[in-house]
Amino acid sequence: MSRPLPRIWTGVPFLAAALTLLGACGDPVQDGRFSGQPRAVLVGVIDQPGGRLRTLPDSMRVGLFWLPWGPDVPSPSPLDTRRLIQQPGVGAPARDADAFRLVLLDEPPLAARPAGYAVGWVLMYDDVDDDGRRGAEEPFYGPHPADGPVERQTDWLTVFWSPAGVGPQDGAPLTHGIDGGYQWLRGPLPCAGPFETGDADCAPRLGAACTEDQDCDPGGRCTTVHGAYNRSQCTLEPAGCRPANGRLVPHRENPRGPLEWLWVAACTADGDCPSQTGCAATSGTCQALGDGRLAAESDPVEPRVCFDSPR
């Protein structure tokens, strides 16, 4: 099984690094109470819409939300936020913070894992009544990797939980298996996965390092992978051939650019990827092992958690 993305540290103290999943030591306190040994700690960076101006509501909060997922569960697209299940006792203020730390003491609620595993996301919302729980009328503020341009970087990150590992054979939207427990994966998530693969031997240079389009296959494009590993790679636009060594995935070349679909080199294991990257089980493509960000919106917005194939 491939390792989750971003990196996982276990058995170490809290690290002030972005989007980290780690096993913690000691006796944590949750909501002012002793709560026992944590199963995991999610650490993340918040990209404020006004930078240091702090334009978010004073009651802004970060929480972990699950969406029941499985072979016999309705599609999450379009997302009905009424189906989201918040992890009890897990949250952190976001209004005056550049980072958050979510201590996970328990397994996901039974209702969140009808197929035996759970799929969730860290989302920001306005906790108007300050009760630590999102009410039905309390709006989300992101993240929202929208179809149009955005002003800030929002990484696609999904939290998975399973008792002993999960993979596509279980009906999970994954390209290959991951370990059990809490795992935080980087990469776009398909609503009905996995993302499409091709069937033609037409792009031998797909995924190769490049500096211009001429370095790629005929009809190929030299694309910069924003926020990954400062490396441009050969991709193909969907109007071309359907390469057997690629996956058709959503991609944004820079934070202010539009979302588009491209054929990107596929992977099945970390060894298929360049250094400083790993094979994301969500997209089946190489993704960075570094930091990630959650971008808060200035106005309420419905979160987006997965992507439908354009075909």
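Here, each number is a calculation from the coordinates, and none is a lab measurement. The shown structure was predicted, so the numbers you read here are calculated from the model rather than taken from an experiment. Cβ placement follows ideal geometry from the backbone for every residue including glycine, while neighbour counts extend to all protein chains displayed.
Here E137 and S309 are evaluated by their C-beta separation; at R0 = 25 Å the FRET efficiency comes out at 0.15.
In sequence order, the range 208-218 has phi-based couplings of 6, 5, 8, 10, 7, 4, 5, 6, 9, 5, x Hz under the Karplus curve 6.51 cos²θ - 1.76 cosθ + 1.60, θ = phi - 60°, and Gly or Pro positions carry x.
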